[in-house]
Structure formats: C-alpha cells, structure tokens
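To start, the structure itself, in structure tokens.
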Amino acid sequence: MSKADREGYLRATAEAGPATPMGGQKVPPFVLIIFGASGDLAQRKLIPALWQLHCHQRLPQDYAVVGFARSNLSREDFQDKMRQASMGDDGQAPCDEQSWGKFAEHLHYIRGQYDAGDDFDRLDDFCDSIVSPQGQDGPAARIFYLSTPPSAYQLIVEQAGRLHRKRGDDFGPQVARQTDRIVIEKPHGTSLDEARRLDGQLAEHFHERAIFRIDHYLGKETVQNILILRFANAIFEPLWNRQHIDYVEISATETGGVGSRGGFYEQSGALRDMVQMHLLHLAALVAMEQPASFAADDVRDEKAKILRMLRPITADMVDAETVRGQYGPGQVEGQTLPGYRQEEGVDDGSNVETFAAMRAYFDNWRWQGVPFYLRTGKRLDRKATEIAVHFRSVPTCLFGDRRLCARLEPNVLVLRVQPREGVHLSIASKVPGEGMNVGGVKLDFDYAEVFGRQPAEAYETLLLDIINGDPSLFARRDQVELSWQFVEPILHAWAADPAKEFPNYEAGSPGPKAANRLLSQYGHAWHRHSR
Ligand code: BG6
C-alpha cells in the first residue's frame, strides 16, 4: 500500500468519529457501578479498558466508576489495587502512565454486601452525589455491571431492579428506562433452564434493550469486520453459498491452560465456555443473511434466524459429529506443563473437556450440505482465532499435467480474529521462471500495518457501546437460548458417557487426533494457522 493510500485510510478512520456502530453521538455522563470490583475481570479487563478510553478522550467530563464489593478497602486502596492490576504482567501501563492521576479521580469504592438493601441505598445516594442524574449534557446513564460469580447474580439483579424502579419514581420512568443498563458477564447460565431463569428474572426488572449480555468476541474489531467484508464488498456475497463454498472452519485455539480458574472450569468445560457463545455467534455472523440495516435489532434478528436453522446434533449423532479432549502433561520449550487433572482446583479423575470440535450444519438453501467445523481447546500448540472459508476446487484443470493439477489448492479466505488481525486470501499463481509452474500465494491485509495501530481491545469497544446504550454487539435473550438449545444435547450425551480415553492430547500439541479425522473423512483438513 502506498504512503498516500495509507494516509487516506488513516484520515478515513479519524473522520469516522466515535468507535461505535451507531457512530457520531456525544457520550453521555454516566456512573458505572462494578459489582465484584476487586475480582479478576475488573482488574484485568474493565479498568485497563476504561483507562485507555480516558486516555483517548473517549469519555465525557462527568463520569464515575464505582467499585462495589465485599472486600474491606478504602478508596485509596482500591485505586492502588486497580493501578497495579492495570499494569499487566509485563509492567506496562495500557496507556500514558501520567494520565493515571486524572483517571483515578473518577474511581470510587463502596464496601457492601449483595443481600443488604441498606448498602444498595447507600450506593444509590453516593452515585447521585458524584454525578448529577440530570446534568447539563442530559440525563446521566446508570450502569449496573455484574462482574461477580454467577451465584451472586440473583441477589444483585433484585437490588439493582429495585434501584431502577426508584429512579423511575424519582426522575420519571422514561428517563430511567433510557438511562439505566444492566450488564451480565458470561457464562449466561450453565444450562438452558438456568439461562431462562436468569432471563426471566432480568425481564421482571429491566427492558430487553437495557440488558447487555457480554460476549467479548463480538467486541473484537475483526469480528465486526465480518459484516463489513461481506456486505460492503461486491465480490464476496455472490460466492457466499453452497455452490462455491466447500466448508467453513471456525477455530479458537489457546496455548494457556486453565490457570487459577480450575474450580470454575470444572463446572464449565470447553463446550459451555467457548462454543455456546463465542464460536456459535461467530458462525452466525458468517452464515446469516443481510440484515435490513445495521441497527441493533435488525442484525440481531438475522443472527437469531440463522441460529434457529442450526441442525440439532441429537444424542445418536454425537459420536460421529463431535470430538472432545482433555490435555495431559506435555513439554513446551523444555518446560513440563501439568495435565488438566493436575491443575489447581481440578478433580484428579475429572472428565471435563478442555477441547471440543464438531461439525455443524445450517439447514437453509444457502448452506445446505456445507459443514461448519468448530474447534476450540486449551494448551494447544498455538493461540489463534481464525475463520477459514474454503472455496470449492476449480471444476477442471486446464494444464493437462496431473502433477501440476494436484498442486492447485482451492482458494481459502481467512479472517484472522487474533493475533495479527487481518484477512488473507490464498490464490494460485504462476511461479516465476520458465515453464508452467503453479504455487499458492496470499493476498494479505494486516490490520496494524494498514491502519498503523492495533485494533482496540474488545472491552474498550463494548464499554463504550454500553455507555452509549447501543446493544448491537450484545447477545439478545433469544440468541442465548438458541445457542443453549444447540449445545445441550451434546453436553447431556457427554455427561451420560464419560470419556474413557482422557487425557487424550498432550499439552502443547495440536489436540486429539480424532479432531483431524472429523474432517479427513470428508476430504477436508484444518487450515494451518497463519503465523
Ligand atoms: C473467555 C473464556 O470467555 O474467553 C476463557 O472464559 C478463554 O476460558 C477466553 O480463555 C479467551 O478469550 P480471548 O479473547 O483471549 O480469545
């Protein structure tokens, strides 16, 4: 790309305004209450993302972040703790370190119990005292962010719902409805029944548009780019169907193990943790029809529609259509890594899967017969999230030479979600020199290279959308329930028939061999992750 082209791109991004799907609007004043503020998520993701937004002047003058948790901390303790945690493992601040002081002025802490109404009343009064509910720039948004273990959700939703009603009485139902939001972190229940119970309770207190169910994958820049790529370019959509596409892969592999989250993971496993929301929602974005507009509900309607077309994997199909795995000990760069069963908080006879792969189908005219392979796992040989769209082979080979024809590889379009965010398309090209020799080459778009900066962290995008009240990138109730409906028969079948071969892959390896057979029996193969 020439210097002029790059400058053009950068100008275009600068002119694009706030990084929200709706774009352009002024960020309202807000109070963000983080329940479970002394926990891991707040420290690793939320506060660093807010600090970044503050640094990039994406937040209004008038805002406050109030940590609410059971730990006995002073405001200064809380600020120090958040600062230290924000520095990350490498000791690097997420943005200009000098800006911390100004940012910290917006951080507050209230100690309280989740079942104590009085503590919530105190919280409510405090919030009103630091950011006026109806300031010069319009009504302030009040955001209840649940960053606690799911066991605390019920109590907090009850109390937050009470404060929401009270705000309706004080400032008018219209204002409360427009400005209050409740944010729920993953996992959204651990089963369809639980998800329905939680949704039912949320619906008693909040309007669906005020409920923000986080799937942080949807906040990743290249995930949002799927729709732009498909619908803002004329060359892909005509080919985006069973006539031209052979199969699609959606793969999120990780090198890390479960770390300190063994206790949580024992209740979850890879299918609940990664497939139920992250991978199925990526698949929906690849497979859905064009929405009527980019407005939140138009996009979410199309996603729900395509999820409804997922062919169920019933108990009798589970063995043929799915693969599960669990990592055992392994060697990585001369270091011995423990197996899953040796991790802290994990039962030494655990049958929980740390790897899951499956073949899924969408039963509609566009996708009939096209397998969507989904794969995820911990302690694999690479950390990468990619969507690979494999096109069909050329119908005839005109070179007459069998060896040459065998070397013609079908085109693959790869959307790299992470790392090295970008898109590439593999095509066949003549190898320079005498004679006819064909080789595969890549047309490569690298996000950081073209735009001269790394894409924003998912939590920055999502937090800004929550503050702006834009639910486009958040899961709607029907979508969550549809994805539970799809994974539940698999979960039940796996629970009823514990794996005898666990552990079945070594830490640091590409995963269980059966995951390769899932594809090779159809003449397909996992695309080799881009380096
Ligand atoms: C989370 C899962 O939702 O996503 C984790 O609970 C997983 O187990 C993480 O490690 C992966 O996220 P990312 O953004 O690093 O791919």
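Which residue, of ALA141, ALA116, ALA152, ALA160, is in contact with a Pro (Cβ under 8 Å, 6 or more places away or on another chain) and of a type in the set (Gly, Ala, Ser)? The conditions single out ALA141.
Residue-level check: of (1) among the aliphatic types (A, V, I, L, M); (2) surrounded by 15 or more Cβ atoms within 10 Å (Cβ to Cβ); (3) at pLDDT below 90; (4) closer than 27 Å to GLU289 by Cα, VAL394 misses just (2).
In region 428-441, is there at least one residue being surrounded by 13 or more Cβ atoms within 10 Å (Cβ to Cβ), within 17 Å of the chain's Cα centre (by Cα) and away from the ligand (no atom under 16 Å from the Cβ)? No, region 428-441 contains no residue that is surrounded by 13 or more Cβ atoms within 10 Å (Cβ to Cβ), within 17 Å of the chain's Cα centre (by Cα) and away from the ligand (no atom under 16 Å from the Cβ).
Within region 478-500, how many residues turn out to be within 15 Å of the ligand (Cβ to nearest atom) and open to solvent by 20 Å² or more (accessible area, probe 1.4 Å)?
Step one: of region 478-500, the residues within 15 Å of the ligand (Cβ to nearest atom) are 480, 483, 487.
Still in the list and also open to solvent by 20 Å² or more (accessible area, probe 1.4 Å): none.
Residues flagged as within 15 Å of the ligand (Cβ to nearest atom) and open to solvent by 20 Å² or more (accessible area, probe 1.4 Å) within region 478-500 amount to 0.
ALA507: in contact (Cβ under 8 Å) with a residue 12 or more places away in the chain and of a type in the set (A, V, I, L, M), yes or no? Here the answer is yes, as ALA507 does meet what is asked. Just one of the numbered conditions (1) without any contact (Cβ under 8 Å) to a residue 40 or more places away in the chain; (2) open to solvent by less than 30 Å² (accessible area, probe 1.4 Å); (3) not hydrophobic (A, V, I, L, M, F, W, C) is not true of ASP77: (2). Does ALA116 satisfy the criteria of being surrounded by fewer than 19 Cβ atoms within 10 Å (Cβ to Cβ), aliphatic (A, V, I, L, M) and at pLDDT below 90? Taking the combined requirement at face value, the residue does not satisfy it. Looking at the structure I just gave you, is GLU221 away from the ligand (no atom under 16 Å from the Cβ), at pLDDT below 95 and either charged (D, E, K, R) or under 20 Å from the mean Cα position of the chain (by Cα) (or both)? No; evaluated as a whole, the condition is false for this residue.
Residues are listed down the side, and each one gets a yes or a no for (1) aliphatic (A, V, I, L, M); (2) within 16 Å of the ligand (Cβ to nearest atom); (3) in contact with a strand residue (DSSP E or B) (Cβ under 6 Å, 6 or more places away or on another chain):
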{"position": "LYS383", "(1), (2), (3)": "no, yes, no"}
{"position": "VAL389", "(1), (2), (3)": "yes, no, yes"}
{"position": "THR396", "(1), (2), (3)": "no, no, no"}
{"position": "PRO455", "(1), (2), (3)": "no, yes, no"}
{"position": "SER472", "(1), (2), (3)": "no, no, no"}
{"position": "ARG476", "(1), (2), (3)": "no, no, no"}
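Taking region 170-194 as the range and being more than 16 Å from the ligand (Cβ to nearest atom), of a type in the set (D, E, K, R) and either within 18 Å of LEU473 (Cα to Cα) or crowded, with 17+ Cβ neighbours inside 10 Å (or both) as the test, the residues that pass are ASP180, ARG181. When region 137-161 is filtered for residues that are under 20 Å from ARG209 (Cβ atoms) and at pLDDT 85 or above, the ones remaining, listed by number, are ALA141, ARG142, ILE143, PHE144, TYR145, LEU146, TYR153, ILE156, VAL157, ALA160, GLY161.
Could you say which residue among ALA356, ALA428 is touching a Lys or Arg at 6+ places or on another chain (Cβ under 9 Å) and either closer than 30 Å to PRO498 by Cα or charged (D, E, K, R) (or both)?
On the way: ALA428 fails: either closer than 30 Å to PRO498 by Cα or charged (D, E, K, R) (or both).
Going through ALA356, ALA428 in turn, the sole match is ALA356.
The requirement of being within 12 Å of the ligand (Cβ to nearest atom), among the β-branched types (Val, Ile, Thr) and buried (at least 18 other Cβ atoms within 10 Å of the Cβ) is fulfilled nowhere in region 226-248; no residue meets it. Which ones in region 326-367 are in contact (Cβ under 8 Å) with a residue 12 or more places away in the chain and charged (D, E, K, R)? ARG341, GLU343, GLU344, ASP347, GLU353, ARG359, ASP363, ARG366 - these are the residues of region 326-367 that are in contact (Cβ under 8 Å) with a residue 12 or more places away in the chain and charged (D, E, K, R). You will find that of MET288, MET277, the residue that is within 16 Å of the ligand (Cβ to nearest atom), closer than 20 Å to PRO371 by Cα, out of contact with any Pro (no Cβ under 6 Å at 6 or more places or on another chain) and open to solvent by less than 10 Å² (accessible area, probe 1.4 Å) is MET277 and no other. Taking region 27-40 as the range and being closer than 21 Å to ILE110 by Cβ and surrounded by 19 or more Cβ atoms within 10 Å (Cβ to Cβ) as the test, the residues that pass are PRO29, PHE30, VAL31, LEU32, ILE33, ILE34, PHE35, GLY36, ALA37, SER38. Does LYS378 fit the bill of being surrounded by fewer than 22 Cβ atoms within 10 Å (Cβ to Cβ) and within 20 Å of the chain's Cα centre (by Cα)? So LYS378 fails the test. Please return the ranges of strands (runs of 3 or more DSSP E) entirely within region 389-458 where 2 or more residues are without any contact (Cβ under 8 Å) to a residue 40 or more places away in the chain. Those strands (runs of 3 or more DSSP E) span 422-430, 438-446.
For region 255-266, the criterion of being surrounded by 22 or more Cβ atoms within 10 Å (Cβ to Cβ) and either away from the ligand (no atom under 13 Å from the Cβ) or under 24 Å from GLU421 (Cβ atoms) (or both) is met by none of the residues. Restricting ILE110, ILE182, ILE156 to those that are among the β-branched types (Val, Ile, Thr) and under 19 Å from PRO471 (Cβ atoms) reduces the list to ILE182.
The values are calculated or read from the model by the stated rules, or taken from the named source; none is laboratory data. Small disclaimer: the values here were computed from a predicted structure and weren't measured. With ideal geometry, Cβ positions are generated from the backbone for all residues, glycine too; neighbour counts draw on all protein chains shown. Surface areas here come from the heavy atoms of the whole protein model, side chains and all, with no ligands, DNA or RNA. Shrake-Rupley method; radii C 1.70, N 1.55, O 1.52, S 1.80 Å.
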